[in-house]
Amino acid sequence: MKTICIPCGYIYDGNEPFQSLPKTWCCPDCGGSIMSFAEIDESLPKKVHDILDDPTL
Ligand SMILES: [Zn+2]
């Protein structure tokens, strides 16, 4: 399962499971908090674009 930064679209794909990252961890791209991330299902790539295109987020 990959995790994407909603504000900037950065995809976390590190060796460490996202769940085990410290709460102080933040997006290396935009500096957004860990709360800005959402899990994405790679089998549903369209969903990612729906999230990124949603102007309310
Ligand atoms: Zn980001």
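The values are calculated or read from the model by the stated rules, or taken from the named source; none is laboratory data. Computed from a predicted structure; not experimentally measured. Cβ placement follows ideal geometry from the backbone for every residue including glycine, while neighbour counts extend to all protein chains displayed.
Worth a mention:
- Residues located in the range 7-25, provided they are modelled with pLDDT of 90 or more, more than 8 Å from the ligand (Cβ to nearest atom) and under 23 Å from D53 (Cα atoms): I11, Y12
Residue-wise test of (1) under 10 Å from the mean Cα position of the chain (by Cα); (2) assigned to a strand (DSSP E or B); (3) surrounded by 13 or more Cβ atoms within 10 Å (Cβ to Cβ); (4) of a type outside the set (S, T, Y).
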site: T3; (1), (2), (3), (4): yes, yes, yes, no
site: G9; (1), (2), (3), (4): yes, no, yes, yes
site: E16; (1), (2), (3), (4): no, no, no, yes
site: Q19; (1), (2), (3), (4): no, no, no, yes
site: K23; (1), (2), (3), (4): no, no, no, yes
site: D29; (1), (2), (3), (4): no, no, yes, yes
site: M35; (1), (2), (3), (4): yes, no, no, yes
site: E39; (1), (2), (3), (4): yes, yes, no, yes
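- Of all the criteria given as (1) modelled with pLDDT under 95; (2) within 16 Å of the ligand (Cβ to nearest atom); (3) not aromatic (F, W, Y), the one not satisfied by S33 is (1).
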